[in-house]
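The values are calculated or read from the model by the stated rules, or taken from the named source; none is laboratory data. On a predicted model such as this, the values are computed, not experimentally measured, just so you know. FYI the Cβ positions are ideal-geometry reconstructions off the backbone, even for glycines, and counts take in every protein chain you see. Areas reflect the complete protein model, heavy atoms only, side chains present, ligands, DNA and RNA absent. Shrake-Rupley method; radii C 1.70, N 1.55, O 1.52, S 1.80 Å.
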Amino acid sequence: MLVNGRRVAVAAEHVVFIRACSPNDVVSMVEEIVELNIMQIMTIGLLPSVELTASASSDQKADRKTGLYTTTVVDERGIALGLVYSSKQSIVEALKTGTGVYQSRKRGLWHKGASSGDTQELINLDFDCDKDALLFRVRQRGKGFCHLSTMTCWGSNTGLSRLERTIKERKQSAPEGSYTKRLFNEPSMVNAKIREEADELCEAQTKEEIAAEAADLFYFALTRCIAAGVSLEDIEKNLDLKSMRAK
């Protein structure tokens, strides 16, 4: 069924969103479908999170149930962006809108990016191995997930994720005449650099040389990919398929 232009597939273990070609007139069905999703979520063993509370008295319990669900938010590649909480209401809203919606313990329902502009597109919902925590997989927009304007609540991205983000930003904002702009505008130039760096990687001898040449090759190869609209997510899907065939 389509919900706000998205096809919702309900399974016993997870809820998957698949982008539909176009919206359909299913407004009257939204609440019924969402309630079905929530009932399945609630009946497969998802346990309420526990909030630890400081207490000066040893006679008082150190924790209390909040009715909220611990939720890990990851990007499309599975990299952790932050830890939040979800309620039945926030899950319903996330399913209906196809965006990141959570439950703030201080402010109530929290539509991620409503004030900052750093919105999220919800890709899918899943559970951890014990089914006592939710996993939201999202496409993060804007500066990032954290209120400190970093991609994650543990700081900025590193490695290939950071490189991909930087190259995408340069594609949009690099000034005319800059080296990166030339790479995007002159396919023959970036192709030549890929061949050059591949040869240098093959000739490298020491650990340091190999690492440096591989990094150069990754940079130019990723620039080539981004110019063609190919993301790390696309590449990793192909790597996963290849790993299944590796012997």
Quiz item: From largest to smallest, what semi-axes in whole angstrom does the stretch 71-119 give when each is the square root of 5 times an eigenvalue of its alpha carbon gyration tensor?
Solution: 16, 12, 12
Quiz item: In terms of the Cα gyration tensor, with a ≥ b ≥ c the square roots of its eigenvalues, is the stretch 105-224 rounded because a/c is under 1.5, prolate because a/b exceeds b/c, or oblate?
Solution: prolate
Quiz prompt | Relative contact order for the stretch 139-247, counting Cα pairs under 8 Å that sit 6 or more residues apart, in percent | solution = 20 percent
Exercise. For the stretch 96-247, report the accessible area per residue in Å² (1.4 Å probe, heavy atoms, rounded to an integer).
Key: 62 Å²
Quiz prompt | Convex hull projection area averaged over all views, the stretch 159-247, Cα basis, nm² | solution = 6.9 nm²
Quiz item: For the stretch 184-236, what class follows from the C-alpha gyration tensor (a ≥ b ≥ c being the square roots of its eigenvalues): rounded when a/c is under 1.5, otherwise prolate if a/b is larger than b/c, else oblate?
Solution: oblate
Quiz item: Ignoring ligands, DNA and RNA, what percent of the 1.4 Å accessible area of the stretch 61-218 is carbon and sulfur?
Solution: 50 percent
Quiz item: By average Cβ neighbour count within 10 Å, what is the ranking of 238-244, 162-168, 111-117 from highest down?
Solution: 162-168, 111-117, 238-244
Quiz item: Taking a threshold of 23 Å on the Cα-Cα distance, which of the pairs LYS112/LYS143; LYS143/LYS168; LYS88/LYS143; LYS112/LYS181 fall above it?
Solution: LYS88/LYS143; LYS112/LYS181
Quiz item: How much net charge surrounds ALA114 when only the other residues with a Cβ under 13 Å from the Cβ of ALA114 are counted, with Lys and Arg +1 and Asp and Glu -1?
Solution: +1
